[in-house]
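Engineer: Quick one: this structure, given as structure tokens, is what I'll be asking you about.
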Amino acid sequence: MKFSKELINRLAEAKSVSVLTGAGVSAESGVPTFRDKGGIWEKFRPEDLANFDAFINDPDFVWNWYQHRREVMRDVKPNPGHLALAEMEEMFPNFTVITQNIDNLHFRAGSKNVTELHGNIERSFCLKCRTFYNEIDVTEKKVLRCEKCGGLIRPDVVWFGEMLPEKALMYAEECAAASDVFFSIGTSAEVYPAALMPLIAKRAGAYVVEINTKPTVMSADLDEVIQGKSGEVLSELIKLIRANKNN
Ligand code: BJW
Ligand code: ZN
């Protein structure tokens, strides 16, 4: 696999590296992506499921979709891409994973500095009194009701039209702007404001690299595009970083 000299030199000098990850990073673990063939959105339109009105109109239906995904996500393991990113955290003074994924796989791979822009499927909360629930029985087909107030319990994820968690978004923006090298990995870069992160990094002078199996709407605006599966590309990249650090 070929990495440019520019990327190798930039990484050798880099103090701050950030990555934006999307569903493609978990694809090799067996978590379906959203917008690829065979992805979740092929069967259901996103606006039919990942929004507040859909949940209020048919809570059991939307709840069941999340129950199915909870089951998938619970049983999968981090792949070499997640593991390489966890190792990279040890190799740069500042290293941040900014993720759109809700599957917890970065934490399970050992990454510590992870900021979750779209929430986490392992958390749920009561719409009425905001009590959090972390242990959900994945076999429960009817939407759960709060033990304290009877309110509807929803997953702690960000739906279309909802604000992203303010602190996570601010931190992500700061990290993007402070990056020497920024990677956009396994994301179609179609959903905002997450898709702004590579652009913020670029505007602030970072070297911005995309790793994806296909070109995206953003490819042309970035410094380097590496086509391939993130697990494979990142495994090669970490070998190179290791070798350079040992020299
Ligand atoms: C591989 C691979 C391998 C495969 N290796 N690669 C018009 C313009 C701009 C913005 C808007 C607009 N109209 C509305 C908006 C705002 C809207 C938005 O962005 N819409 C766009 C679709 C146009 N955004 C929002 O509403 C956000 N909130 C917001 O803006 O608040 C302010 C506001 C409030 C009120 C009104 C207006 C503004 C919230 C967005 C929340 C997104 N939520 C979801 C669901 C999360 C919970 C859940 O999982 O159920 O987040 S949607 C879904 O998309 C999920 C993902 O995190 C997100 C991004 O998807 P991702 O990760 O990029 O996946 P894919 O499938 O798209 O791409 C996978 C990629 O991997 C592909 O490129 C493959 O090629 C690649 N790949 N295998 C490497 N092995
Ligand atoms: Zn409650």
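The values are calculated or read from the model by the stated rules, or taken from the named source; none is laboratory data. Predicted model, so just to flag it, every value in this text is computed and none were measured. As a convention, Cβ positions derive from the backbone with ideal geometry for all residues, glycine included, and neighbour counts pool all protein chains shown. Ligands, DNA and RNA are stripped out before the accessible areas are found, and what is left, the full protein with its side chains, is counted by its heavy atoms. Shrake-Rupley method; radii C 1.70, N 1.55, O 1.52, S 1.80 Å.
Engineer: From 61, 52, which residue is under 23 Å from residue 128 (Cα atoms) and either in the same structural domain as residue 96 (by TED's automatic domain parsing) or within 11 Å of ligand 1 (Cβ to nearest atom) (or both)?
Structural biologist: Numbers: 61 fails: either in the same structural domain as residue 96 (by TED's automatic domain parsing) or within 11 Å of ligand 1 (Cβ to nearest atom) (or both).
Testing whether each residue is under 23 Å from residue 128 (Cα atoms) and either in the same structural domain as residue 96 (by TED's automatic domain parsing) or within 11 Å of ligand 1 (Cβ to nearest atom) (or both) leaves just 52.
Engineer: State all residues of the range 96-129 that are within 16 Å of ligand 2 (Cβ to nearest atom), over 16 Å from residue 158 (Cβ atoms) and in a loop (DSSP other than H, G, I, E, B); if no residue qualifies, say none.
Structural biologist: Let us first name the residues in the range 96-129 that are within 16 Å of ligand 2 (Cβ to nearest atom), namely 123-129.
This time we only want the ones that are over 16 Å from residue 158 (Cβ atoms), so: 126, 128-129.
If the condition is that a residue be within 16 Å of ligand 2 (Cβ to nearest atom), over 16 Å from residue 158 (Cβ atoms) and in a loop (DSSP other than H, G, I, E, B), then 128, 129 are the ones that fit.
Engineer: Still on this structure, please answer the following. Under the condition of being touching a His at 6+ places or on another chain (Cβ under 8 Å) and open to solvent by 10 Å² or more (accessible area, probe 1.4 Å), which residue from the range 96-149 is nearest to residue 70 (Cα to Cα)? Walk me through it before giving the result.
Structural biologist: The first filter runs over the range 96-149 and keeps only residues touching a His at 6+ places or on another chain (Cβ under 8 Å), leaving 97, 99-102, 105-106, 108-109, 111, 114.
Still in the running and open to solvent by 10 Å² or more (accessible area, probe 1.4 Å): 100-102, 108-109, 114.
Working: 100: 16, 101: 13, 102: 10, 108: 15, 109: 18, 114: 20 Å.
Per the stated criteria, the residue is 102.
Engineer: Same structure again: Could you run through the range 150-177 and say how many residues are in contact with a Ser or Thr (Cβ under 7 Å, 6 or more places away or on another chain) and either among the polar types (S, T, N, Q) or surrounded by fewer than 19 Cβ atoms within 10 Å (Cβ to Cβ) (or both)? Break it down stepwise before answering.
Structural biologist: Of the range 150-177, the ones in contact with a Ser or Thr (Cβ under 7 Å, 6 or more places away or on another chain) are 153-156, 168, 171-172, 175-176.
Within this subset, residues satisfying the condition of being either among the polar types (S, T, N, Q) or surrounded by fewer than 19 Cβ atoms within 10 Å (Cβ to Cβ) (or both) are 168, 171.
The total comes to 2.
Engineer: Taking only pairs six or more apart or across chains, which ones have beta-carbon atoms under 7 Å, a first residue in the range 61-82 that is within 22 Å of residue 46 (Cα to Cα), and a second residue that is open to solvent by less than 10 Å² (accessible area, probe 1.4 Å) and outside any helix (DSSP H, G or I)?
Structural biologist: Pairs found: 66/121; 66/155; 69/121; 70/121; 73/103; 73/121.
Engineer: Given the residues 210, 135, which is the only one that is part of a loop (DSSP other than H, G, I, E, B) and charged (D, E, K, R)? Break it down into steps so the answer makes sense when it comes.
Structural biologist: Details: 210 fails: part of a loop (DSSP other than H, G, I, E, B).
Exactly one of 210, 135 is part of a loop (DSSP other than H, G, I, E, B) and charged (D, E, K, R), namely 135.
Engineer: Could you run through the range 137-163 and say how many residues are more than 6 Å from ligand 1 (Cβ to nearest atom) and aliphatic (A, V, I, L, M)?
Structural biologist: Selection size over the range 137-163: 5.
Engineer: Report, by residue number, each residue of the range 155-174 that is farther than 17 Å from residue 202 by Cα and in contact with a strand residue (DSSP E or B) (Cβ under 8 Å, 6 or more places away or on another chain).
Structural biologist: Selection gives 155, 156, 157, 158, 165, 168.
Engineer: Okay, moving on. For residue 208, state whether it is open to solvent by less than 20 Å² (accessible area, probe 1.4 Å), without any contact (Cβ under 8 Å) to a residue 60 or more places away in the chain and aliphatic (A, V, I, L, M). Spell out the reasoning first.
Structural biologist: Numbers: open to solvent by less than 20 Å² (accessible area, probe 1.4 Å): yes; without any contact (Cβ under 8 Å) to a residue 60 or more places away in the chain: yes; aliphatic (A, V, I, L, M): yes.
In short, yes.
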